[in-house]
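These notes are about the structure you will find just below.
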């Protein structure tokens, strides 16, 4: 391999492609939804923040503490599902899913580059949709405007640190690799990206999320390590939170 050349990805274990079917993927997502919704409903009742009906990703909640804990519960359920279906049964190991030392010299830098591509791809589609009257509603999904510093820190940490790890392990490490092995790279990329966008439950962001997810899947394919899409995903989420915080800040007097 020449200097600066990205390594070829490690082949997906054949057994992973047999396990990574639609019914299995949807079953794990249902588990995550039930756990996340249950924790959300419990915490919302205890805190008494007037939250509305919870859903995947804590979509309609008003307290950032509840949202942060709901994200953590959902992420934990995703990882638990992958562990039970793949790791514990000996189908594949964490390294096979991409959690291995990177052959890429600078996985953080490469990840940030793909993260910028994520932002540009999804942002361009969002701008195009806005021209047709489809506006993004991120401010309604993540209640940062009136949150205190600790509540904001908890929500940002959950969204920038924990969510990228769990979602990349499931959607790219498991679903994308399994579907690509079964159906080919292009269809694996498309199917996993549609699934990723659909479970976020944000109609306005559906197409932008498909584009971003495709970037993340391609980054795993090109580099062979899940750390690159994890850093890229974290960069996108950090960028989104920063934009949200800046847009909600009062103008200078």
Task: Where residue 52 falls short, out of the listed (1) in a loop (DSSP other than H, G, I, E, B); (2) at pLDDT below 80; (3) surrounded by 16 or more Cβ atoms within 10 Å (Cβ to Cβ) - done: (3)
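So for segment 163-176 (the condition being modelled with pLDDT under 85 and either on the phi < 0 side of the Ramachandran plot or surrounded by fewer than 17 Cβ atoms within 10 Å (Cβ to Cβ) (or both)), does at least one residue qualify? Working first, answer last.
From segment 163-176, those modelled with pLDDT under 85 are none; that's our starting set.
No, segment 163-176 has no match at all.
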- [ ] Give the residues of segment 148-162 that are farther than 17 Å from residue 236 by Cβ and surrounded by 17 or more Cβ atoms within 10 Å (Cβ to Cβ), sorted by residue number.
- [x] 151, 152, 154
Open item on the list: Restricting to segment 217-226, give me the number of residues that are surrounded by 22 or more Cβ atoms within 10 Å (Cβ to Cβ), at pLDDT 95 or above and part of a helix (DSSP H, G or I).
Closed with: 3
Task: From the options 20, 98, 57, 81, residue that is at pLDDT below 70, surrounded by 15 or more Cβ atoms within 10 Å (Cβ to Cβ) and in contact with a helix residue (DSSP H, G or I) (Cβ under 8 Å, 6 or more places away or on another chain) - done: 57
- [ ] Examine segment 108-129 for a residue that is surrounded by fewer than 14 Cβ atoms within 10 Å (Cβ to Cβ), at pLDDT below 90 and more than 28 Å from residue 12 (Cα to Cα), and state whether such a residue exists.
- [x] no
Open item on the list: Can you find a residue that is in contact (Cβ under 8 Å) with a residue 24 or more places away in the chain, crowded, with 20+ Cβ neighbours inside 10 Å and closer than 19 Å to residue 111 by Cβ anywhere in segment 184-192?
Closed with: yes
Task: For residue 72: the one exception among (1) closer than 23 Å to residue 179 by Cβ; (2) modelled with pLDDT of 90 or more; (3) crowded, with 17+ Cβ neighbours inside 10 Å - done: (1)
TODO: Search segment 193-205 for residues being assigned to a helix (DSSP H, G or I), within 15 Å of the chain's Cα centre (by Cα) and touching a residue at least 12 places away in the same chain (Cβ under 8 Å), and hand back the single one that is farthest from residue 220 (Cα to Cα).
DONE: 205
Task: Positions within segment 72-121 being in a loop (DSSP other than H, G, I, E, B) and closer than 17 Å to residue 29 by Cβ, in sequence order - done: 97
- [ ] Could you check residue 64 against (1) crowded, with 18+ Cβ neighbours inside 10 Å; (2) over 15 Å from residue 168 (Cα atoms); (3) in contact with a helix residue (DSSP H, G or I) (Cβ under 7 Å, 6 or more places away or on another chain); (4) modelled with pLDDT of 85 or more and say which number it fails?
- [x] (4)
TODO: Identify the single condition in (1) part of a helix (DSSP H, G or I); (2) under 27 Å from residue 34 (Cβ atoms); (3) modelled with pLDDT under 90 that residue 143 does not satisfy, given that it satisfies every other one.
DONE: (1)
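The values are calculated or read from the model by the stated rules, or taken from the named source; none is laboratory data. No experiment lies behind these values; they were computed from the predicted model shown. All Cβ positions, glycine included, derive from the backbone under ideal geometry; neighbour counts span all protein chains shown.
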